[in-house]
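Enquirer: Can you read through this structure? Questions will come right after.
The values are calculated or read from the model by the stated rules, or taken from the named source; none is laboratory data. Every value quoted in this text rests on a predicted model; they were computed, and no experiment measured them. Cβ sites come from the backbone with ideal geometry, for glycine too, and all protein chains shown count toward neighbours.
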Amino acid sequence: MEIKKKLSYRELSLKDKEKIIIEYYKNSLSFIEMSEALAYSERSISRVLKEANINTKRLNRYCLNESYFKVIDSEPKAYILTKQNVIL
């Protein structure tokens, strides 16, 4: 079994960095999957995306409905607001 050497951040060219960014958006792969597919270290992938100001924490655990309390149309909503002493 052949083990591929993964390129570190210092070994990346501008083309390599562009390829990481394109693959990240195009395929929505995790760092581990990208590392295996592109032969770049996970740390270098993370660093390239961070330097490009790309939010890599896009898989949020919770879905937030920011307009949930705009209309108080149910008893549970009213209860939550009264228990939290929220003034609208």
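Enquirer: Looking only at the stretch 52-69, decide whether some residue is among the basic types (Lys, Arg), part of a helix (DSSP H, G or I) and on the phi < 0 side of the Ramachandran plot.
Expert: no
Enquirer: Can you name every residue in the stretch 33-49 that is within 14 Å of LYS4 (Cβ to Cβ) and hydrophobic (A, V, I, L, M, F, W, C)?
Expert: If the condition is that a residue be within 14 Å of LYS4 (Cβ to Cβ) and hydrophobic (A, V, I, L, M, F, W, C), then MET34, ALA37, LEU38, ALA39 are the ones that fit.
Enquirer: A further question follows. Would you mind stating whether LYS83 is of a type in the set (Lys, Arg) and at pLDDT 90 or above?
Expert: no
Enquirer: How many residues, within the stretch 7-38, are loosely packed, with under 12 Cβ neighbours inside 10 Å and in a loop (DSSP other than H, G, I, E, B)?
Expert: Residues meeting the conditions: 2.
Enquirer: Sticking with this one: Quick one: count up the residues across the stretch 48-67 that are at pLDDT below 85 and surrounded by 10 or more Cβ atoms within 10 Å (Cβ to Cβ).
Expert: Residues in the stretch 48-67 being at pLDDT below 85 and surrounded by 10 or more Cβ atoms within 10 Å (Cβ to Cβ): 1 in total.
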